[in-house]
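Nothing in this text is a laboratory measurement; each read-out follows from the coordinates by a stated rule. These figures come from a predicted structure and were not determined experimentally. Note: ideal-geometry Cβ built from the backbone for every residue, glycine included; neighbour counts use all protein chains shown.
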């Protein structure tokens, strides 16, 4: 059985260890605050961009046997990049980051006794004149 923090930290460590992502991003870290605060920091360019943050998104539980439960944890990877004025430049800034996140995490068990990470969805969260935010949801499961 693992804690939320253990899996969260393992995801952050895996992303920080990705040479491709490290070459693309100035910030790779966990995040435990309000999404609005993160958006505010991005809009004021307080945080170095491009940036990737890992957030815990919640758990669902399923009783797999009598008094035995499976914990399905979901995490959201937030990717933030400066909007470089134009669709092609956004693609050049954001899409490689999303591809590196997929490469680093999909089917990765983080060297833990958990189901390998499964992608759920990637979607644009916020696109402004100065920056773009995409969310990449992943999930894993293990027995309690």
In this structure, does residue 7 turn out to be closer than 16 Å to residue 112 by Cβ, touching a residue at least 12 places away in the same chain (Cβ under 8 Å), out of contact with any helix residue (DSSP H, G or I) (no Cβ under 9 Å at 6 or more places or on another chain) and in a helix (DSSP H, G or I)?
yes
Where residue 51 falls short, out of the listed (1) exposed (fewer than 15 other Cβ atoms within 10 Å of the Cβ); (2) touching a helix residue (DSSP H, G or I) at 6+ places or on another chain (Cβ under 9 Å); (3) closer than 18 Å to residue 135 by Cα:
(1)
